[in-house]
Number of protein chains: 4
Amino acid sequence: MSEPVRAPLRVAMIGYGFMGAAHSQAWRTAPRVFDLPRDIEMSVIVGRNEDAVASAAAKWGWAEAATDWREVVARDDLDVIDIVTPGHSHDEIAIAALEAGKHVLCEKPLANTVEDADRMAAAARGSDGVAMLGFTYRRVPALTRARDLIAEGRIGTVQQVRSAYRQDWLVDPEAPLSWRLKKDEAGAGSLGDIGGHAVDLVQFLTGQQLTTVSGVIETIVKQRPVETERVGIAGKGGDEYGDVTVDDVAIFTGRLSGGALAAFEATRFATGRKNELTVEISGSAGAIAFNLESMNELQVYDRTAPDGEQGFTRVIVTEPGHPYLEGWWPTGHMLGYEHAFSHQVKDFVDAIADGSAPTPTFDDGAQVQRVLAAVEESSAADARWTAV
Amino acid sequence: MSEPVRAPLRVAMIGYGFMGAAHSQAWRTAPRVFDLPRDIEMSVIVGRNEDAVASAAAKWGWAEAATDWREVVARDDLDVIDIVTPGHSHDEIAIAALEAGKHVLCEKPLANTVEDADRMAAAARGSDGVAMLGFTYRRVPALTRARDLIAEGRIGTVQQVRSAYRQDWLVDPEAPLSWRLKKDEAGAGSLGDIGGHAVDLVQFLTGQQLTTVSGVIETIVKQRPVETERVGIAGKGGDEYGDVTVDDVAIFTGRLSGGALAAFEATRFATGRKNELTVEISGSAGAIAFNLESMNELQVYDRTAPDGEQGFTRVIVTEPGHPYLEGWWPTGHMLGYEHAFSHQVKDFVDAIADGSAPTPTFDDGAQVQRVLAAVEESSAADARWTAV
Amino acid sequence: MSEPVRAPLRVAMIGYGFMGAAHSQAWRTAPRVFDLPRDIEMSVIVGRNEDAVASAAAKWGWAEAATDWREVVARDDLDVIDIVTPGHSHDEIAIAALEAGKHVLCEKPLANTVEDADRMAAAARGSDGVAMLGFTYRRVPALTRARDLIAEGRIGTVQQVRSAYRQDWLVDPEAPLSWRLKKDEAGAGSLGDIGGHAVDLVQFLTGQQLTTVSGVIETIVKQRPVETERVGIAGKGGDEYGDVTVDDVAIFTGRLSGGALAAFEATRFATGRKNELTVEISGSAGAIAFNLESMNELQVYDRTAPDGEQGFTRVIVTEPGHPYLEGWWPTGHMLGYEHAFSHQVKDFVDAIADGSAPTPTFDDGAQVQRVLAAVEESSAADARWTAV
Amino acid sequence: MSEPVRAPLRVAMIGYGFMGAAHSQAWRTAPRVFDLPRDIEMSVIVGRNEDAVASAAAKWGWAEAATDWREVVARDDLDVIDIVTPGHSHDEIAIAALEAGKHVLCEKPLANTVEDADRMAAAARGSDGVAMLGFTYRRVPALTRARDLIAEGRIGTVQQVRSAYRQDWLVDPEAPLSWRLKKDEAGAGSLGDIGGHAVDLVQFLTGQQLTTVSGVIETIVKQRPVETERVGIAGKGGDEYGDVTVDDVAIFTGRLSGGALAAFEATRFATGRKNELTVEISGSAGAIAFNLESMNELQVYDRTAPDGEQGFTRVIVTEPGHPYLEGWWPTGHMLGYEHAFSHQVKDFVDAIADGSAPTPTFDDGAQVQRVLAAVEESSAADARWTAV
């Protein structure tokens, strides 16, 4: 089958943890499900441990394995750099890649500090490459649909917002001290890891930005067994203990540019909640509500319906006209966690092909980092309202 | 105070709004459902409007109607004063009644100010009468059961708490300016009306007190049509507009005496949420979760269950051994909103009969008022942490 | 307060089990909640055990206790006979009462046999008294509302129906052999006790009758300990065993007069289901779904809504315009099991006052018995389709 | 059949509809997610329409496209024949493939008639190739887990069963007459298409077989627009009408070999239900319940838990120790519809590698066909109980 004009897009992925698996699955799946304007070549996977990265390459189907990301970024036979390393390394890799003219897809968080994030955003603005940030939940069809409804005015003026991201994998005090619990690698704990998702989602859904915040972050279990083996998200620990240097829980309130208050919670201590991301946007004409545990459903309330007939309507967002559903299964057949990564690849490749700027941009990511930094600042300043 | 055996308890109720209906139903029902140690006589109902109170007496089955609460409180042929007036009048009536040696059941909030609440609590401590506060939700069987489980250590150490009380009856900007929206009568709006329930519930369930808070309260719709007719909870409005002087929404965080953070939300602007009170207590060994919209159910999570078998167990709290269920229907037959008022009457009458002090006490109520006052203070002070 | 023209309605209740408690509560509550056209006098309660009935009278507030229902029915100072005895005695009492010119409210089932039911229905048609049958669930507001929506054509043509009433109180093989498990007293077991509710509900909601049925009934545990003490719905058993003579489970399919198939299940062996009555009516233009475990909610599906926006809307049926809600609490405050009994008293008293014929009629009850008898007949005939 | 170590497994897939997409995704994904004992080569895709199959090959990543399945089955450079054509062609292809010594994975239903199914089962028993049937839902982790719990005796003796598969894509009378509505191609309509899933699932979960059935099948909309274009599951119709020759709805009851009754429903007329497969197994010691709309959750009821603490526990089946979860995401990250197809490939490849016989076998499939045929026979015979 010959398609001369559409040169394949040659992708290098830096990193090979849990996110590497998800991104690999997306690069492999998106072209088989959607009609992409470019073919995909999974060219190189990069990691520091030679054996581990070779094994990941074989497992996930990358043509080559490499250990030096700088060399890879400098190669001129690659088009895309996909960054799935921990947050502290994002800035250096992304900026180098953008300067090398590459298109960059970067996992969230954009960076661990506002300064790094700002430099990355500046690099993205100054580059010919397409830069896109991986706040994947924006591309869960029910949430994309929610954004559309809100943008169309279906819930009227946004008057109140709440969002919580709750997990419980740290309730066990013996859960090991993984990189996600060290500030120098992970950034800001529950706030940065999952709170960032909640912040981005609220800003995405409302089309507004948080302008000021008040909140508290806290570490509940202050010392944990040092990790001896990295296994899945939690790892295994040994006899030695080390300090947890990130927060376990973050509770904060923000004010949106449109004036509404938004209540946030991010926690890894919500016993029994495995991966529950909820968001509810209350407006003058209606509301939407979503729970990641029922990720194919959107709850929609219409205040303009007749009295006595109002209620939350549970829409199963799996119908032909729903976002991204053209590629998948018949109505009522559920999508899962990783599907949104394929949607992300689709939109990223589409943007590369037509030269448009996909969202979330690096500027969007820097804004989220500013919000998170302001929460940390507020927490340190007696919870005072702190400008973003 | 000595009572001849099984002399009937002669009750006067001051007030006749929505709460008057609920209390009347409870005084009428409790002795027919439970084996009370005293018979009940619904002797007098008191209200300022002579016709309206006479009509309420006939409708609800009170033997007499009266218009002057002071005269009623002074009568020596009455044993109990049940106060269901708006919060600003509670202190005067309750203190007079306690000084007259009466037993007092007082609707929440205890008072509109901490000062009033403290004086009432002092009066209660100094009186021979039994004093009890109407935070009725404590007596929803699922919540009573939750408290028992937590007290037995079933969820271990409380590590994180969240509670929200959400309604939407003020989303309509033309909803009238009822007494509930005027600070001089109602106290503190969403914070005082429904936020108080959330605070009491969390303190009740955990057995702990909030020691410091940070938060924000806000009025979203600042002017509303002046109420021309009092109909149900919302009333009817006219052409004239007046200032809303209480908050529409309150979002705050508190620290419990045991150290855990607790996130609260009270709002009348949660579009589509009619009367949703949720509470979740996350502990080191388990969790409980409750939603008033499914008020007969308690969700219980047990971290000590085998791996792979853990999950929230939905217990329908309608079984013979469950709290208060001895008086009602077979397993699986649901209780409604007003049943908790009958449970309240039962416990109040039991306490009178055996001379014990029922909870919530007036001191409990004063503590809640101190929390709410601290939230208001924090809101006015840039959301700073404020000691209760 | 004098109201000479409205002579009070003097009520005698025959029976004093679980249903006696529910009916007493309703007679006591309805006039306090609704504006009834007649006052209610709870005059006499009747039971064979003199002590027990005296105790019930005192507990539930009946002015007199009596042991001979024939004498009571013959008295001319009574207006209403309320029958809450087991089904085998309904015909004799109801017919005597109707012949004595009394108004009769009769608990379901109307009778234990079609013959008895037909004689009762004939007696009702020939009497000046108002006769009404106690299929109470028709008066759960969400179900009354569902009937109205269907009658208005909101779901189009009924195309398919399912209803199941599932309990689990007999899963324990040692649950005692109560009167509910003896055919001569109770009639037809799960089929007659709870299956009858499902049949009535489907006929009520659709406005159609079942014309033919096919099904199976079965006794899973064939011998149980003879009941030594009647406690609640289940009682206590001894060492002796006796034969269970009614069915434990009934599964059957019927065809409605409009042509649609309806699938039914009635069981006391649905482990974990305490009192779950579900019904779903699927139509050409929409659907309604209901679950008694969430009895204040009605799920409504509208096929005429725009593509991509359809879903089941969860309407909390507690709003001012909803059926029977004028008497109760503000929006979102839940009703429980026994509220429907007060609604039943309201409609019964209204019908007496205005001389109308309330539903369900005794003819409706006889039709349900014919359906149940046809199911038994079908079960005995190899599940063959059997005309009702 | 001896395979050199790690020689890749060369797969040919016959058919390219909706199931072709799902199977392609699974062949592509399984080796990237699980540690398979053999590599996978997606060698050939076969379809009658040359252009369409070439396009499918390119889209889904098959190395070759072919139009004659007989030639493909005869090739000796292929190891596996994966059959995803409509049911009427399964027997000829599968038997040819088995006779050619190939391993065969066959989509459900095994065949459209019992005779065909029996011949296929005989061919499978007589072949060296591994034969496996695609009742994929067995490999949804929550259902695999449910089977394990039941097999371990966790719910005691199975006493009652219910399962329903409900869709609504035919409620619209103008939905076109696709091959799924023609008996000669599709077999038995709702009964064969989705009812077969319910039957297989119940037999799988209980480890028992249905021995006798009674039921009814029916076509509600008897004529539909002839399909002019095959688009997704429903297609597009023209002006001409043709007869629907399969059933729209099937309602039947069966008796399991262990004695319990099982109620079934399969319908495409359940307005508002998109793809709802529910199953509940009630036992003497507990119960399990499942709903495909919440496919990552298993509800488990334990009757041996203390009184007052029993309830359905909602287990989110996404934990490391849960079936198939070793290959996927961290706890709480949801799987979707197509994941079970990857699990199917995993088990199929494992069986090929270790020479074991995977389930469901073709004999299992023939048993399901016998059940469905007995339901049809019963329906034609006045719903009489009919031996399987």
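Residues of segment B:340-370 that are over 15 Å from the mean Cα position of the chain (by Cα) and either farther than 20 Å from B:ARG6 by Cα or of a type in the set (Asp, Glu) (or both): B:ASP350, B:ASP354, B:ARG370. Within segment C:335-388, the set of residues being among the hydroxyl-bearing types (Ser, Thr, Tyr) and surrounded by 21 or more Cβ atoms within 10 Å (Cβ to Cβ) comprises C:TYR337, C:SER342, C:SER378, C:SER379, C:THR386.
Residues of segment D:249-289 that are in contact with a helix residue (DSSP H, G or I) (Cβ under 6 Å, 6 or more places away or on another chain) and not hydrophobic (A, V, I, L, M, F, W, C): D:THR267, D:ARG268, D:GLU276. Scanning segment B:148-167 for residues that are under 30 Å from B:GLY272 (Cβ atoms) and more than 9 Å from every other protein chain (Cβ to nearest Cβ) gives B:VAL161, B:SER163, B:TYR165.
So how many residues does segment C:284-299 have that are over 20 Å from the mean Cα position of the chain (by Cα) and facing another protein chain (nearest Cβ under 7 Å)? Talk me through it step by step, then tell me what you get.
First, pick out the residues of segment C:284-299 that are over 20 Å from the mean Cα position of the chain (by Cα): C:284-288, C:299.
Cutting the leftovers down to facing another protein chain (nearest Cβ under 7 Å) gives us C:284, C:286-287.
Selection size over segment C:284-299: 3.
Just one of the listed residues (B:VAL244, B:VAL226, B:VAL249) is over 30 Å from C:TYR337 (Cα atoms), without any contact (Cβ under 8 Å) to a residue 60 or more places away in the chain and surrounded by fewer than 24 Cβ atoms within 10 Å (Cβ to Cβ), namely B:VAL226. Just one of the listed residues (D:ALA30, D:ALA21) is in contact with a Lys or Arg (Cβ under 7 Å, 6 or more places away or on another chain), small (Gly, Ala, Ser), within 30 Å of D:PRO320 (Cα to Cα) and assigned to a helix (DSSP H, G or I), namely D:ALA30.
Please tell me if C:VAL279 is β-branched (Val, Ile, Thr), crowded, with 20+ Cβ neighbours inside 10 Å and either assigned to a helix (DSSP H, G or I) or more than 22 Å from the chain's Cα centre (by Cα) (or both). Here the answer is no, as C:VAL279 does not meet what is asked.
Collect the residues in segment A:311-325 that are buried (at least 18 other Cβ atoms within 10 Å of the Cβ), within 7 Å of chain C (Cβ to nearest Cβ) and not basic (Lys, Arg), keeping them in residue-number order. Matches in segment A:311-325: A:GLY311, A:PHE312, A:THR313, A:VAL315, A:ILE316, A:GLU319, A:HIS322. Look at segment B:43-83 and say how many of its residues are surrounded by fewer than 23 Cβ atoms within 10 Å (Cβ to Cβ), within 14 Å of another protein chain (Cβ to nearest Cβ) and not in a helix (DSSP H, G or I). The qualifying residues number 4.
Looking across segment C:251-269, the residues that are out of contact with any Asp or Glu (no Cβ under 7 Å at 6 or more places or on another chain) and either of a type outside the set (Val, Ile, Thr) or more than 7 Å from every other protein chain (Cβ to nearest Cβ) (or both) come down to C:PHE252, C:GLY254, C:ARG255, C:LEU256, C:SER257, C:GLY258, C:GLY259, C:ALA260, C:ALA262, C:PHE264, C:GLU265, C:ALA266.
Step by step: first the residues of segment B:33-42, then only those that are assigned to a strand (DSSP E or B) and either without any contact (Cβ under 8 Å) to a residue 40 or more places away in the chain or surrounded by fewer than 20 Cβ atoms within 10 Å (Cβ to Cβ) (or both), then the one that is farthest from the other protein chains (Cβ to nearest Cβ). Which residue is that? Restricting to residues being assigned to a strand (DSSP E or B) and either without any contact (Cβ under 8 Å) to a residue 40 or more places away in the chain or surrounded by fewer than 20 Cβ atoms within 10 Å (Cβ to Cβ) (or both), the top hit is B:GLU41. Restricting the first member to segment A:254-267 and to residues that are closer than 20 Å to A:SER190 by Cα, and the second to residues that are buried (at least 24 other Cβ atoms within 10 Å of the Cβ) and among the acidic types (Asp, Glu), the beta-carbon pairs closer than 6 Å and six or more apart or on different chains are A:ALA263/B:GLU265.
From A:ALA374, A:ALA366, grab the single residue that is outside any strand (DSSP E or B) and more than 13 Å from every other protein chain (Cβ to nearest Cβ).
Working: A:ALA374 fails: more than 13 Å from every other protein chain (Cβ to nearest Cβ).
Criteria check complete, one pass: A:ALA366.
Yes/no per residue for (1) part of a strand (DSSP E or B); (2) closer than 25 Å to D:GLY272 by Cβ; (3) modelled with pLDDT under 95:
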{"residue": "A:ASP239", "(1), (2), (3)": "yes, no, yes"}
{"residue": "A:THR253", "(1), (2), (3)": "yes, no, no"}
{"residue": "A:GLY272", "(1), (2), (3)": "no, no, no"}
{"residue": "A:PHE290", "(1), (2), (3)": "yes, yes, no"}
{"residue": "A:ALA305", "(1), (2), (3)": "no, yes, no"}
{"residue": "A:SER342", "(1), (2), (3)": "no, no, no"}
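None of B:ARG145, B:ARG162, B:ARG166, B:ARG139 is surrounded by 19 or more Cβ atoms within 10 Å (Cβ to Cβ) and within 20 Å of B:VAL84 (Cβ to Cβ) except B:ARG139.
Residues in segment C:169-196 that are buried (at least 18 other Cβ atoms within 10 Å of the Cβ), more than 12 Å from chain D (Cβ to nearest Cβ) and part of a helix (DSSP H, G or I): 10 in all. Evaluated against (1) of a type outside the set (S, T, N, Q); (2) facing another protein chain (nearest Cβ under 7 Å); (3) buried (at least 21 other Cβ atoms within 10 Å of the Cβ), C:TRP328 falls short on exactly one condition, (2).
Could you list, in sequence order, the residues of segment B:96-110 that are buried (at least 20 other Cβ atoms within 10 Å of the Cβ) and either of a type in the set (D, E, K, R) or over 15 Å from the mean Cα position of the chain (by Cα) (or both)? Break it down stepwise before answering.
Residues of segment B:96-110 buried (at least 20 other Cβ atoms within 10 Å of the Cβ): B:97-98, B:102-110.
Correct list: B:ALA97, B:LEU98, B:LYS102, B:HIS103, B:GLU107, B:LYS108.
Can we say C:LYS274 is basic (Lys, Arg), buried (at least 20 other Cβ atoms within 10 Å of the Cβ) and more than 27 Å from D:GLU280 (Cβ to Cβ)? If you could, list the steps in order and put the result at the bottom.
Numbers: basic (Lys, Arg): yes; buried (at least 20 other Cβ atoms within 10 Å of the Cβ): yes; more than 27 Å from D:GLU280 (Cβ to Cβ): no.
In short, no.
Any chance segment C:89-96 includes a residue that's over 29 Å from C:VAL246 (Cα atoms) and either within 14 Å of chain B (Cβ to nearest Cβ) or in a helix (DSSP H, G or I) (or both)? Scanning segment C:89-96 turns up no residue that is over 29 Å from C:VAL246 (Cα atoms) and either within 14 Å of chain B (Cβ to nearest Cβ) or in a helix (DSSP H, G or I) (or both). No other residue among A:ASP382, A:ASP347, A:ASP307 is closer than 21 Å to A:THR212 by Cβ and out of contact with any strand residue (DSSP E or B) (no Cβ under 7 Å at 6 or more places or on another chain) apart from A:ASP382.
For the condition assigned to a strand (DSSP E or B), touching a strand residue (DSSP E or B) at 6+ places or on another chain (Cβ under 8 Å), surrounded by 24 or more Cβ atoms within 10 Å (Cβ to Cβ) and charged (D, E, K, R), C:GLU265 qualifies. Scanning segment A:241-251 for residues that are within 23 Å of the chain's Cα centre (by Cα) and outside any loop (DSSP other than H, G, I, E, B), we see that the one that is nearest to A:ARG162 (Cα to Cα) is A:ILE251.
The values are calculated or read from the model by the stated rules, or taken from the named source; none is laboratory data. Being a predicted model, the structure only gives us computed values, none of them experimental. Every residue, glycine as well, gets a Cβ built from its backbone with ideal geometry; the counts of neighbours run over all protein chains shown.
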